[in-house]
Amino acid sequence: MDGFLSYLCSKDGDIFNSACLPIYQDMTQPLNHYFICSSHNTYLVGDQLCGQSSVEGYIRALKRGCRCVEVDVWDGPSGEPVVYHGHTLTSRILFKDVVATVAQYAFQTSDYPVILSLETHCSWEQQQTMARHLTEILGEQLLSTTLDGVLPTQLPSPEELRRKILVKGKKLTLEEDLEYEEEEAEPELEESESALESQFETEPEPQEQNLQNKDKKKVVTCPLFCPSICCQIVAQAPISKPESLLLSRQKSKPILCPALSSLVIYLKSVSFRSFTHSKEHYHFYEISSFSETKAKRLIKEAGNEFVQHNTWQLSRVYPSGLRTDSSNYNPQELWNAGCQMVAMNMQTAGLEMDICDGHFRQNGGCGYVLKPDFLRDIQSSFHPEKPISPFKAQTLLIQVISGQQLPKVDKTKEGSIVDPLVKVQIFGVRLDTARQETNYVENNGFNPYWGQTLCFRVLVPELAMLRFVVMDYDWKSRNDFIGQYTLPWTCMQQGYRHIHLLSKDGISLRPASIFVYICIQEGLEGDES
């Protein structure tokens, strides 16, 4: 009996398929074929307004398997760039300390490439300092040229980029006459996000306004900006108020230093205008960023186009600027459209981070998960809002049997005993998202028995995530959280299985667990096909 119980509680009896724990996926496909574990405002360990900035944020994210970290860089004192959330009261840390931290921790959890997503707001001189720090501190870890020295035809694979750090940011190119596209800015905290998005989409750039009148002298935008040259251009231009042009130029796109630009190899940031514009004007090595609001709107309005866009180009999605408390959105909605870099506020525990952690628990926790084939096919007909065949539907039967050694929720109350219930949630495409729960067992956290069967029907199992939550029933208020476990549908083992619970922060609560029986049937119940 002891041996049998030991087997049931071992990794062989775990609900997570042990074959999915090591790196089991093909790691030789282009970067855009993978979901990439990504962080938003990685330097923050608190809220977005007054929170502390710390290198600890980078350490935690990288140890968690995060492969894309964000760095907002501004001019600092004594010529040293600083990292913080601009126009807020968040504290500041030195850029060189961030780079040194990334160099030290980048490959402790995973050997696969780390992406530094740079949001640069620095002057020419401090951009040069940034470039020097990146080059000197990162050394051979920094990817500073294409792998084979020639212009590639597709993005390299995670395998080819092992133990390399890539810079994502703005870049100057000769093909664009030394002009560059600015990545879509994250909305200011004090303004409405929708109003700002409307402004970004409808208002022309200041320099475009200056060039719209063909009768006026053409002003060529040059990143090698010099005030004296600008004054000469203004003096020659037939404009009644020449100072307005100078002011406009100063408020437009910031100057980009070639030394920093040259470090951006495969991940050039560009503005998104439309899917058609991207097809006609952009290259595979260019990446656009979307606010969560805009990305969700595009999924509803042009879901299949978004899927096809993500088969050849990388997309990064970031939380709304209105999430000043560092809350998160559900990443599943963006993964459904094939968005690779869905950035999370990793300092904030909760349902959304449980889904993110559960998704990247597979494949060795390396931070890269291969997308399903229908999200990698450039001719894909998949629409996340209207999934249709040939995707094979499945029916999931879960018999929730019992629980073992569930911890007390309120340890301050003497003699407090939990009344546990189990909630099972499915996250996937909209039609698959569902939840069911058992009845509660009164006053038994040691060995509660439920013996209830729950049934779920899922259209696109390749995208589904399964979350088990144990709650303490409370008739007076909201049920209290005891523990949870989240995993991908594709990594779930059938049969009698133990589910070892995790805390809100993802820490193991062993020996607390629940015991279930899992059965997956092909096709929907009652489906003639």
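Just a few scattered comments:
- Heavy atoms of Glu462 accessible to a 1.4 Å probe, total area in Å² rounded to 10: 80 Å²
- Counting only protein heavy atoms and a probe of 1.4 Å, the accessible surface of the range 419-529 is 46% carbon and sulfur.
- Put a dot 7 Å past the Cα of Ser78, heading toward its Cβ, do the same for Trp124, and the two dots end up 2.5 nm apart.
- Tyr473 accessible area, 1.4 Å probe, all protein chains in place, Å² to nearest 10: 70 Å²
- For His281, the accessible surface of its heavy atoms amounts to roughly 110 Å² (probe 1.4 Å, protein chains only, rounded to the nearest 10).
- Taking only the alpha carbons of the range 1-96, we obtain Rg and Dmax values of 20.7, 70 Å in that order.
- Surface/4 estimate of mean projected area, convex hull on alpha-carbon atoms of the range 271-354, nm²: 5.5 nm²
- Normalised by 2.2 N^0.38 Å, where N counts its residues, the alpha-carbon radius of gyration of the range 375-456 equals 1.63.
- At q = 0.16, 0.23 Å⁻¹, base-10 log of I(q)/I(0) for the range 394-522 (Debye sum, equal scatterers on each alpha carbon): -0.77, -1.43
- Here the gap between Leu89 and Asp505, fully extended at 0.36 nm per residue and compared with their Cα-Cα distance, gives a gain of 147.1 nm.
- Modelled spin-label separation between Ser402 and Tyr7, with each label point placed 7 Å from Cα along the Cα-to-Cβ direction: 1.7 nm.
- At R0 = 30 Å, FRET efficiency that the Cβ-Cβ distance of Cys519 and Asp410 yields, to 0.05: 0.25
The values are calculated or read from the model by the stated rules, or taken from the named source; none is laboratory data. Predicted model, so just to flag it, every value in this text is computed and none were measured. No Cβ is skipped: glycine too gets one built from the backbone with ideal geometry, and neighbour counts run over all protein chains shown. Protein only, heavy atoms only, side chains kept; ligands, DNA and RNA dropped before computing areas. Shrake-Rupley method; radii C 1.70, N 1.55, O 1.52, S 1.80 Å.
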